[in-house]
Each structure stands twice: as C-alpha cells, then as structure tokens.
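The values are calculated or read from the model by the stated rules, or taken from the named source; none is laboratory data. Remember, predicted model here, so these are calculated numbers, not experimental data. Quick note on the areas: whole protein, heavy atoms, side chains included, nothing else; ligands and nucleic acids left out. Shrake-Rupley method; radii C 1.70, N 1.55, O 1.52, S 1.80 Å.
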Amino acid sequence: MSEAITAAAIEQVLRAKLAPTQLEVIDESGAHAGHAGANGTGFGTHFRVRIASPFFEGKSRVARHRVVYDSLQHFIDQGLHALAIEVL
C-alpha cells in the first residue's frame with residue numbers, strides 16, 4: 001500500500017533536499033474533484049509549491065522546475081498527478 005501524499009510530506013522532502021529560504025505547499029486536490037488524476041478523496045493528487053532555494057541560482061526556469069520534480073519523483077510515482085510550481 002502506498003503512503004498518503006500530503007502537503008506536510010512534500011514540504012519535508014523539499015526542505016531536506018533543497019534547503020528552501022521560502023516554502024509553501026498547498027493541497028489543491030479538492031478543487032479538482034472529478035478531474036483527471038483525482039483519486040476521489042479530495043486530497044493528495046494536485047499540489048501547488050511556492051519555493052525559493054539557493055539550488056536555483058544560475059538555473060533557467062525549466063531547470064529550476066526540473067530540480068523540484070526530481071526531488072518529488074517518489075510522490076509522482078505514488079500518484080501525485082499535478083504539481084504547479086511557483087519559483088520565488
């Protein structure tokens with residue numbers, strides 16, 4: 001059985017891997033009920049991440065997003081369907 005995907009779990013991983021100076025993780029799954037990738041619970045499938053990190057210095061917007069996606073690959077493999085990334 002896969003673990004629950006929560007904003008807190010995503011935040012914990014991003015803090016450990018990217019040492020963000022700013023971080024906000026919002027579960028927007030409830031707003032996507034009935035849409036593709038929704039799991040019927042209203043939680044754990046659609047997230048918004050607002051993040052600033054020293055790991056982004058000198059990287060393009062696409063490369064910054066890739067760093068976040070790579071950090072969260074475990075959750076993507078577990079059913080994270082949508083991830084909106086706002087690099088601050």
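Numbers for the structure displayed
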item	result
Full-stretch length increase - residue 21, residue 59 - with 0.36 nm per residue and alpha-carbon distance subtracted	12.0 nm
Long-range amide H partners of residue 53 with built H, under 5 Å	21
Added length on full extension, which subtracts the Cα-Cα distance from 0.36 nm per residue, residue 52 to residue 66	3.7 nm
For residue 85, residues with placed amide H under 5 Å, excluding near neighbours	49
In Å², nearest 10: area of residue 46 left accessible to a 1.4 Å probe	10 Å²
